[in-house]
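**Q** The structure that follows is given in the form of structure tokens.
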Amino acid sequence: MRPHPATALATALTALLAVAALAADGFAQRGDRAARRSAPSSTAQDPEDWPDVVEKANNHRRYALRRAAANRLAKGGAAAVPAIRAFVAKDDAGANALDLLVVEAVAHSDSAEPAVVELLAEWARDRDFYWRAQALSGLARRKLTDFEPLFVAATDDPSHLYRAAGAEGLVGLGGPERLDRVTALLRDPDPRTRVRVACTLAEAGHDRGFEELVRAAQRRDHEFMGDPWGGRDLELAAKALGEVADTKFEWRRDAAELERMRKWAATHTGRAMPDVAPVAEPVSITDPATTGGFEIRSCRNGDLFVRWDATRIAFGLSESTQVVTIPPQQRAVWADHRAALQEILGAEMPRGRIVCDFLRIGAAGVENRSKLAPGNAPAVLADWLNATAAFVEESEGPESVLAAQLATRTPQFAPPSDAR
Amino acid sequence: MKTLSLAMVLGFLPVLSGDPTEIGFGTLAGFDYEEGMELPSDVTTYDSTTVKISGFMRREDGGDGPTEYFMLINDACGCDGTPKLNEIVYCTMPSGEGVEIESDVVSVTGTIYVGEESEDGVVLGIYFLDVDSIGK
């Protein structure tokens, strides 16, 4: 029997009052878990106690407190550099012991003091430094012509972020020849580089990358193994265009807002702009029975995205995907190879401590994907990856670039040779 | 008062209850956050409500093994740059419960608290979630 309307209204009003009272209590207390989160911690009280600030910037358990300490280091400029160097010198990992927060803060600071620039340059030139792209971006912000050769070389780097940082440097220095070199990166095979280069151009007052920024809307739903890289790129693009337009384009994938963005770009440039309707991934690898994939993220060596099904192996993202077809006579062996991966991934494996580079791998029939730091793939998985490279080489021939990519990028995850 | 209020709410749950509200980082991070600002109503409306958010888990302290606390962010890699404070949901497990950091996207359900929390004069974050469950 339904309640009388007056009774239902009274009930609802009473409940609303109760909720309001609880909310007031809840806001004040946030439950007992808030107390557990906020265990007391200390920060350096003396702003010149740089070794202490460096320690906190890298090792404090609270992210925001590490960030605050990193910002203090950056504000310290040259005065903080000796402490940063000392921290690096005493750690076996060297510069790779530094938290990204520290490198970002120093890179984004305004200091052009020689000690700071020298530190950034060392980091940017260190091929093995995890955060070299961020350091290069820091040099780019400072618009120093001494580093033009570094910026130029960077535009050909395997890391998409490092290429984008090189473009940032050249745009900062300006001039038609430099801009033409940067414009070439608008045709980079990696869509993430293209968007970042287009953002850099837009921020510097050049509209030649607007088409790429608008095109980011088409890829807004693109993801790789659940990582929504397309949405993140659209956010960058919408913000960059919004800065130029002095407005806000809602990047939450509202079609009308994206159309507004497209129209503004077209009016501003006098050029037709790409459609903002989403486009599907050009290569569909979704058969739940046979699909699998892995990504290698490497701040040092660049990223690698690989997916497969019963008949194909696809490399790359979105429209830059390259497909290797498994020859019919190899497909039974390929099926056995895929089945072997299911067994490998079904076993426990140590992740290792992931700082930047990692391998994330999954396969049909295996519930959880595995994410591993370099040196942590069991020998059987390392062998599996090598065998996959062999499949690619067999399909494409000994000159296969894709096979070479697999062969050079996967060994860092193999166990140390003395552990085999 | 709190006990009485709780009883009243529980008594009328059939009127109020529903599934957790799904919210995404598009909403949570959809504004330029500056310390001390008045947070937009788009996000404060969720304060003290039960929500479901999808993202990638990351340990705040960089260690390994099970943890009672983790950050939920919208990035599998984290190499592009460090997340801003409105791009992080700080998650706390029930007392005594630890969780392994998953490699994949997870959906975390629980009560979210929206507002700046500070420690030692530093804003730690603006989104804090008491975890009820973690799913795929």
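**Q** Once fully extended, how much extra length lies between B:K84 and B:M37, figured as 0.36 nm per residue of separation less the alpha-carbon to alpha-carbon distance?
**A** Details: separation 47, 0.36 × 47 = 16.92 nm, distance 1.44 nm.
My answer for the length gained is 15.5 nm.
**Q** Taking every residue in A:55-67, how many Cβ atoms of other protein chains lie within 10 Å of its Cβ, on average?
**A** Going residue by residue through A:55-67 and averaging, the value is 5.
**Q** Run the numbers for A:S320 and A:K90: contour at 0.36 nm per residue of separation, minus the present Cα-Cα distance, in nm. All intermediate terms of the calculation are to be shown ahead of the outcome.
**A** Working: separation 230, 0.36 × 230 = 82.80 nm, distance 4.30 nm.
Length difference between fully extended and current span is 78.5 nm.
**Q** Evaluate Rg over Rh across chain B, taking Cα atoms for both radii and Kirkwood's formula for Rh. Provide the component values of the computation, followed by the final result.
**A** Working: Rg = 15.7 Å, Rh = 16.0 Å.
For chain B, the value is 0.98.
**Q** Hey, can you find the accessible area per residue of region A:120-235 for me, probe 1.4 Å, expressed in square angstrom? Before the final figure, lay out the partial values.
**A** On the way: 4000 Å² over 116 residues.
Here the residues of region A:120-235 average 34 Å² of exposed surface.
**Q** Solvent-accessible area per residue for region B:17-136 at a 1.4 Å probe radius, Å²? The partial results should precede the final answer.
**A** On the way: 4630 Å² over 120 residues.
I get 39 Å² per residue for region B:17-136.
**Q** Can you give me the % of accessible surface on the protein assembly as shown that is carbon or sulfur? Probe 1.4 Å, all protein chains present, nothing else counted.
**A** Solvent-exposed carbon and sulfur of the protein assembly as shown make up 52 percent of the total.
**Q** Might you list the cysteines of chain A that have no disulfide-compatible partner by the rule of another cysteine's Cβ under 4.7 Å?
**A** For chain A, the answer is A:C199, because their Cβ atoms have no other cysteine Cβ under 4.7 Å.
**Q** Write down the accessible area per residue of region A:236-377 in Å², having rolled a 1.4 Å probe over the full set of protein chains.
**A** Values: 6340 Å² over 142 residues.
Accessible area per residue: 45 Å².
**Q** Sticking with this one: Could you list the square roots of 5 times each eigenvalue of the Cα gyration tensor of the protein assembly as shown, that is, the equivalent ellipsoid semi-axes, sorted largest first and rounded to whole Å?
**A** Its equivalent ellipsoid spans semi-axes of 39, 31, 27 Å.
**Q** Can you figure out the FRET efficiency of B:S133 with B:D64, using R₀ = 30 Å and their beta-carbon distance, to the nearest 0.05? Each step should come with its number before you reach the end.
**A** Working: r = 23 Å, r/R0 = 0.76.
That pair, B:S133 with B:D64, gives E of 0.85.
**Q** Going by a 1.4 Å probe on protein heavy atoms, which residues of region B:111-132 end up with at least 40 Å² less accessible surface in the whole assembly than in their chain alone?
**A** The answer is B:Y113, B:E117, B:E119, B:D120, B:V122, B:L124, B:D130.
**Q** To the nearest 10 square angstrom, how much accessible area does B:T67 have with a 1.4 angstrom probe?
**A** Surface accessible to solvent at B:T67 totals approximately 10 Å².
**Q** Could you name the lysines in cross-link range of A:K371, using Cα to Cα under 23 Å and dropping any fewer than eight places away on the same chain?
**A** In chain and number order, the partners are B:K136.
**Q** Would you please name the GluC sites (Glu not before Pro) within region B:68-136 that are DSSP coil residues with at most 16 other C-beta atoms within 10 Å of their C-beta? Before the final figure, lay out each step's value.
**A** Working: sites: B:E68, B:E87, B:E97, B:E100, B:E102, B:E116, B:E117, B:E119; in loops: B:E68, B:E97, B:E100, B:E102.
In loop regions of region B:68-136 (DSSP not H, G, I, E or B), the sparsely surrounded GluC sites (Glu not before Pro) are B:E97, B:E100, B:E102.
**Q** Which percent, to the nearest 5, of DSSP beta bridges fully inside the protein assembly as shown are antiparallel? Show your work: numbers first, answer last.
**A** Values: 48 of 54 bridges.
Beta bridges within the protein assembly as shown, antiparallel portion: roughly 90 percent.
**Q** For region A:249-307, which trypsin sites (Lys or Arg not before Pro) pass both filters: DSSP loop (anything but H, G, I, E, B) and at most 12 other C-beta atoms within 10 Å? Write down the numbers at each step before the final one.
**A** Values: sites: A:R252, A:R253, A:R260, A:R262, A:K263, A:R271, A:R297, A:R300, A:R307; in loops: A:R252, A:R253, A:R271, A:R300.
Listed in order of number, the matching sites are A:R271.
**Q** Next up: Quick one: grab the alpha carbon gyration tensor of region A:81-208, order the square roots of its eigenvalues as a ≥ b ≥ c, and give me rounded if a/c is under 1.5, else prolate or oblate depending on whether a/b is larger than b/c. Let's see the in-between values first.
**A** Working: a/c = 2.35, a/b = 1.75, b/c = 1.34.
Taking the square roots of the gyration eigenvalues as a ≥ b ≥ c, region A:81-208 is prolate.
**Q** Right, something else. Compute for chains B and A the buried accessible surface, both sides summed, probe 1.4 Å, and express it in Å² to the nearest 100. It would help to have the intermediate numbers written out before the result.
**A** Numbers: alone 8440 and 21240 Å², together 24590 Å².
That pair of chains buries around 5100 Å² in total.
**Q** Can you tell me how region A:191-304 classifies by the Cα gyration tensor, rounded, prolate or oblate, using a/c under 1.5 as the rounded cut?
**A** In terms of gyration-tensor shape, prolate.
**Q** Which whole number gives the average, over all residues in B:46-54, of C-beta atoms from other chains lying within 10 Å of the residue C-beta? Write out the running numbers ahead of the final one.
**A** Working: counts 0, 4, 9, 3, 0, 0, 0, 0, 2.
Average neighbour count from other chains, rounded to a whole number: 2.
**Q** What shape does region A:295-355 have by the C-alpha gyration tensor, where a ≥ b ≥ c are the square roots of the eigenvalues, rounded means a/c under 1.5, and otherwise prolate means a/b greater than b/c and oblate the rest?
**A** On the way: a/c = 3.46, a/b = 1.19, b/c = 2.90.
Since a/c reaches 1.5 but b/c is at least a/b, the shape of region A:295-355 is classed as oblate.
**Q** If R₀ is 30 angstrom, what is the calculated FRET efficiency for the pair A:A340 and A:A404, using the beta carbon separation as r and rounding to 0.05?
**A** Working: r = 23 Å, r/R0 = 0.77.
Calculated value: 0.85.
**Q** What value, in deg cm²/dmol to 500, does the helix sum -39500 (n - 2.57) over DSSP H runs of n ≥ 4 give at 222 nm once divided by the residues of chain B?
**A** Working: 4 runs with 22 residues, N = 136.
Value at 222 nm, helices only: -3500 deg cm²/dmol.
**Q** Just grab the label-to-label distance for B:T49 and A:R351, each label 7 Å out from Cα along the Cβ direction, in nm (one decimal).
**A** The modelled label-to-label distance comes out at 3.1 nm.
**Q** Can you grab the distance from the C-alpha centre of region A:152-216 to the C-alpha centre of region A:328-377, Å, no decimals?
**A** When both Cα centres are located, 34 Å separates them.
**Q** Hey, with R₀ at 25 Å, roughly what FRET efficiency would A:E259 and B:T27 work out to, going by the Cβ-Cβ distance, to 0.05? Let's see the in-between values first.
**A** Details: r = 20 Å, r/R0 = 0.82.
Efficiency, rounded to the nearest 0.05: 0.75.
The values are calculated or read from the model by the stated rules, or taken from the named source; none is laboratory data. If you're wondering where the values come from, they're calculated on a predicted model, not measured in any experiment. In this analysis, Cβ positions are derived from the backbone assuming ideal geometry, glycine residues included, and neighbour counts consider all displayed protein chains. Areas reflect the complete protein model, heavy atoms only, side chains present, ligands, DNA and RNA absent. Shrake-Rupley method; radii C 1.70, N 1.55, O 1.52, S 1.80 Å.
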